[in-house]
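Single-structure report; data block below.
Read the figures in this text as sums done on the coordinates, not as results from a lab. The structure displayed is predicted, hence computed values, not measured ones. Please note: Cβ atoms are built from the backbone with ideal geometry, for glycine as well, and neighbour counts cover all protein chains shown.
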Amino acid sequence: MNKVLGNGVLGSVLLVLAVLLFTIGTQNVVAVQRVLLLSPADILPLILCIVVPAVVFLIGSIKAFQGSLTLSYQSGASQSMDN
């Protein structure tokens with residue numbers, strides 16, 4: 001039996017992931033910059049590695065809240081019955 005995760009739940013999870021990734025990632029970049037005394041041009045690749053996935057999660061959460069992104073799954077009990 002296929003189940004569909006609700007739009008609000010999926011959107012909320014993706015939004016929380018985006019915020020956590022952005023905040024933890026930027027804190028780490030700032031810590032690295034303080035220790036190594038790097039210029040902003042040297043930090044740019046690190047920032048892009050953090051911002052791009054965060055933006056992807058943010059776009060996914062917006063799509064999920066709008067209803068155009070869904071997640072369907074099968075429960076474990078129905079999989080064992082099918083076999």
Along each of the three principal axes of the Cα atoms of the chain, give the extent in whole Å, ordering the values from largest to smallest. 59, 29, 15
Sequence-separation-based contact order of the chain, relative, with Cα cut under 8 Å and 6+ spacing, percent: 57
Run the helix sum for the chain: -39,500 (n - 2.57) per DSSP H stretch of 4+ residues, divided by residue count, reported at 222 nm to the nearest 500 deg cm²/dmol. -27000 deg cm²/dmol
On C-alpha positions alone, give me the angle between the axis of helix 7-36 and the longest principal axis of the chain, in degrees, nearest 10. 20
With 10 angstrom as the radius, rank I24, I50 by how many other C-beta atoms surround their C-beta, starting from the fewest. I24, I50
Nearest 10 degrees is fine. How inclined is helix 40-66 to the longest principal axis of the chain, computing both from alpha carbons? 20
Separation between the L36 and F65 pseudo-spin-labels, each 7 Å from Cα along Cα→Cβ, expressed in nm? 3.5
